[in-house]
Structure formats: C-alpha cells, structure tokens
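Visitor: Right, I'll just put the structure down here and ask away after.
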Amino acid sequence: MADGNLYSGSHWQRYATRDTDEAHDFVRRAFLDIKVRFSGEGRDGAGLRTATTSLADVGVTRLHYSARTQAQTAPDGDLNIAYLMGGRFTVARAKDEYRMRSGDVMLILPDHSEDLTYDDIDTFVARLPRALLEEVAHAKTGINGTELRFDSSRPISAALGRHWTQTLSHLTRAVLSDPTLMTNPLITENARHLLAATALAVFPNTVHTAALRSAGEVTPRALRQAVTYVDDHAGQPITVDQIAAAAGVGARALQLAFRRHHDTTPMRYVRRIRLERAHRDLQTADPSTGVTVAMIATRWGFTHLGRFSTDYRAAYGSSPSQTLRT
C-alpha cells in the first residue's frame, strides 16, 4: 500500500491543508469526532495530505499528517481501522496503552472514548459502517446489533494484524485501483463483506465469544427454496441473510444445512453457481467480438483473475482462455 500509483485516478479525492483547525475538521468529517487537547505544528503547519475513495458505504483514506497532536475520541459506533506506515501513534484507554510501530494496525474503539497521540504519521485508514458489521456478525453467529462490542484496539495476534493489512492491500490493488470494478455491484458487495468479516476476525469482539443460538431444523423444502433463490439471483449481490429470509429460516440454521447436505457454505455455493455461469458465458462467447476472459470473470464478481483461473481449471479441466477459444 506504499505505492503512490495506487492512489491515482479521478475516483480518489485529494485534500491538503497547512491550517491546523482545517486539518482537525477533516478528521471529524472523514473518521470520527475528536476533542483536541494539544496540537504542535511543524515547519509546514499541520501538514495534512490525503487521498480518499469509497466502496459504497466503506471509506478508505491514505493520510499524511505532520503535526504532533493529542486528542480524545468521541466514537459514533462505526469502525476506523488504521495501518501505520510511518510516524508515531499511541492509543490509550484507562491503563491500556498501545504504542504502534510501523507495520502495526489498530482499531479505534467504536463505543468507548480513547486518548490518541500521533506525530508525523503516514497511515491508511478504513472506515466501516456499524450497520455492515452488524449484518455480517449476525450472519456468522446470530447475534444482534446490541450484542456486538469490540474490546480492544489491538489485533488478537500479530498474524491476524498482518492478515488485515494483506486483505486491504489486495482490495486496494484489485478493486480500488479500477473505478469500473468499484461500480460492479457483485464486486462491491463481496469486497464490503470481506472487509467486515476480516475486521470481526482480527480484533477482539463478542462475535468470538457469542453463544451460538439454537439453529433449528431446515426442511428439504426450505433448502430447495434457498438453492432456487441463489440460482435466480446469482447475478446480483447476495448475502446469507437474504438467502435465509427467502428460505424462511435463520442464517445459522441455513449454514449448518448447507454443510450437512451440500458439504459447503451458502456463500461458497453462490461462488460455485457464479463459476458455472461464467463457464456457460465462456462457452457461448465469440472472441472475435472483443469479449475477454477478464470481462466475463468480472461480470460474475471475480476480481482476482489468477484465482478465477485456478478455480475454473479445477472445476472444468481447462483454462478459461481455452474454453473461450474453442
């Protein structure tokens, strides 16, 4: 994510100011409200430079800020996750102090005030709305929004911290670098849910400790309704909750039923159906008209062509390009 070329293009909005008050106002608009206790300007004043884009309701920002600042957060329930690439950043709550080093990631707690100290920072911040996190948490465990709480700004482990960075880096290169992909609803929906699921996996929260609710029994008829819904809506953004609602069952029950009867998860089944549709399109497409493998893969929500080709070859015994040419 240190490659400046990643943040080029008209879909990245740029902002810069040397005025400290303007810099603080930008932070409040882009991330969360803060109460500034101290701000010491450098030779270039506040020295704020940003590049921002969005994936529907998810915002991502590359930010340089040179002024040394001490502030207290006033959280609003949304998640702000920062990857530090340079400078000094400390987040503290009560006696728990997290001094970040370059390469570390941290979560600004969405429901508790924290004390922040930062100086000459270069960081990449993702802002995820609370509603998205609640949706994904509910699909995974059945907990409702009031039960979702984050307990620490630190990732559960260094390995999981790196996993967040790698996931965000992949999406930045594969999706956020191309505005045409960012307007594809299948790709946008998958990317949003991937970021939310990764955040829930990386940082301590009640999803990890929630008692799984009684799943209940899914009848064969309900399972057929779920499969039919996927078949009919494979070309649109689909969530587990939507599939479960179509079948008239709970999300957790649906997941267990798919495991039991199809040896997969609902979302992997969705991916399988989309792969079949891509296979069908490759078979019927005429390459002389300019149709490419990338165009068909993107149409069905596959942004990583290498992974698409690997999955395609495993399923059909040939590469996508071979199918298109025959």
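Visitor: Could you list, ordered by first residue, the pairs with Cβ atoms under 6 Å in which the first is in segment 296-313 and closer than 14 Å to Ile273 by Cβ and the second is open to solvent by less than 30 Å² (accessible area, probe 1.4 Å) and among the basic types (Lys, Arg), at least 6 apart or interchain?
Guide: Pairs found: Trp300/Arg274; Gly301/Arg274.
Visitor: Based on this model, can you work out whether Asp57 counts as acidic (Asp, Glu), in contact (Cβ under 8 Å) with a residue 40 or more places away in the chain and in contact with a strand residue (DSSP E or B) (Cβ under 7 Å, 6 or more places away or on another chain)?
Guide: Values: acidic (Asp, Glu): yes; in contact (Cβ under 8 Å) with a residue 40 or more places away in the chain: yes; in contact with a strand residue (DSSP E or B) (Cβ under 7 Å, 6 or more places away or on another chain): no.
No: the conditions fail for Asp57.
Visitor: Out of all the residues in segment 90-104, which are in a strand (DSSP E or B) and under 23 Å from the mean Cα position of the chain (by Cα)?
Guide: Val91, Met100 - these are the residues of segment 90-104 that are in a strand (DSSP E or B) and under 23 Å from the mean Cα position of the chain (by Cα).
Visitor: Out of curiosity, is Leu148 in contact with a Gly (Cβ under 7 Å, 6 or more places away or on another chain), open to solvent by less than 20 Å² (accessible area, probe 1.4 Å) and modelled with pLDDT under 95?
Guide: For Leu148, the condition - in contact with a Gly (Cβ under 7 Å, 6 or more places away or on another chain), open to solvent by less than 20 Å² (accessible area, probe 1.4 Å) and modelled with pLDDT under 95 - is not met.
Visitor: What is the number of the single condition among (1) buried (at least 17 other Cβ atoms within 10 Å of the Cβ); (2) farther than 17 Å from Asn205 by Cα that Leu132 does not meet?
Guide: (2)
Visitor: Let me ask something else. Report whether or not Val136 is more than 27 Å from Ser8 (Cβ to Cβ), within 19 Å of the chain's Cα centre (by Cα), of a type in the set (Val, Ile, Thr) and not in a loop (DSSP other than H, G, I, E, B).
Guide: Numbers: more than 27 Å from Ser8 (Cβ to Cβ): yes; within 19 Å of the chain's Cα centre (by Cα): yes; of a type in the set (Val, Ile, Thr): yes; not in a loop (DSSP other than H, G, I, E, B): yes.
In short, yes.
Visitor: Just to check your reading of the model, which residue among Leu186, Leu160, Leu168, Leu181 is out of contact with any Pro (no Cβ under 8 Å at 6 or more places or on another chain), open to solvent by less than 10 Å² (accessible area, probe 1.4 Å) and in contact (Cβ under 8 Å) with a residue 40 or more places away in the chain? Before you say what the answer is, go through the steps one by one.
Guide: Values: Leu186 fails: out of contact with any Pro (no Cβ under 8 Å at 6 or more places or on another chain); Leu160 fails: open to solvent by less than 10 Å² (accessible area, probe 1.4 Å); Leu181 fails: open to solvent by less than 10 Å² (accessible area, probe 1.4 Å).
Exactly one residue qualifies, and that residue is Leu168.
Visitor: Which is open to solvent by less than 10 Å² (accessible area, probe 1.4 Å), under 30 Å from Met106 (Cα atoms), touching an Asp or Glu at 6+ places or on another chain (Cβ under 9 Å) and of a type outside the set (Lys, Arg), of Ala234, Ala253, Ala191, Ala196?
Guide: Result: Ala196 is the single residue among Ala234, Ala253, Ala191, Ala196 that is open to solvent by less than 10 Å² (accessible area, probe 1.4 Å), under 30 Å from Met106 (Cα atoms), touching an Asp or Glu at 6+ places or on another chain (Cβ under 9 Å) and of a type outside the set (Lys, Arg).
Visitor: Let me ask something else about it. Being modelled with pLDDT under 95, touching a strand residue (DSSP E or B) at 6+ places or on another chain (Cβ under 9 Å) and buried (at least 20 other Cβ atoms within 10 Å of the Cβ) is true for just one of Ala46, Ala82. Which residue is that? Step through it out loud before you land on a result.
Guide: Working: Ala82 fails: modelled with pLDDT under 95.
After ruling out the rest, the residue left standing is Ala46.
Visitor: Now a separate question. Determine whether segment 5-19 contains at least one residue that is touching a His at 6+ places or on another chain (Cβ under 6 Å) and surrounded by 16 or more Cβ atoms within 10 Å (Cβ to Cβ).
Guide: no
Visitor: Looking at Thr117, Thr123 in this structure, which one is open to solvent by 20 Å² or more (accessible area, probe 1.4 Å) and among the β-branched types (Val, Ile, Thr)? Step through it out loud before you land on a result.
Guide: Numbers: Thr123 fails: open to solvent by 20 Å² or more (accessible area, probe 1.4 Å).
Thr117 is the lone residue from the list that is open to solvent by 20 Å² or more (accessible area, probe 1.4 Å) and among the β-branched types (Val, Ile, Thr).
Visitor: Another question about this same structure. Does Thr206 satisfy the condition of being open to solvent by 60 Å² or more (accessible area, probe 1.4 Å), more than 18 Å from the chain's Cα centre (by Cα) and either polar (S, T, N, Q) or at pLDDT 90 or above (or both)?
Guide: no
Visitor: Sort out which residues of segment 105-120 are in a loop (DSSP other than H, G, I, E, B) and closer than 18 Å to Glu134 by Cβ, and write them in order of number.
Guide: Let us first name the residues in segment 105-120 that are in a loop (DSSP other than H, G, I, E, B), namely 109-114.
If the condition is that a residue be in a loop (DSSP other than H, G, I, E, B) and closer than 18 Å to Glu134 by Cβ, then Leu109, Pro110, Asp111, His112 are the ones that fit.
Visitor: Out of contact with any Leu (no Cβ under 7 Å at 6 or more places or on another chain) and over 19 Å from Ala199 (Cβ atoms): which single residue out of Leu63, Leu84, Leu48 fits that description?
Guide: Leu48
Visitor: Identify all residues within segment 141-188 that are touching a strand residue (DSSP E or B) at 6+ places or on another chain (Cβ under 7 Å), within 21 Å of Glu114 (Cβ to Cβ) and of a type in the set (A, V, I, L, M); write none if there are none.
Guide: Leu148
The values are calculated or read from the model by the stated rules, or taken from the named source; none is laboratory data. Everything numeric in this text was worked out from a predicted model, so none of it was measured. Using ideal geometry, Cβ is built from the backbone for each residue, glycine included, and neighbour counts are taken over all protein chains shown. Surface accessibility is based on the protein's heavy atoms, side chains included, excluding ligands, DNA and RNA. Shrake-Rupley method; radii C 1.70, N 1.55, O 1.52, S 1.80 Å.
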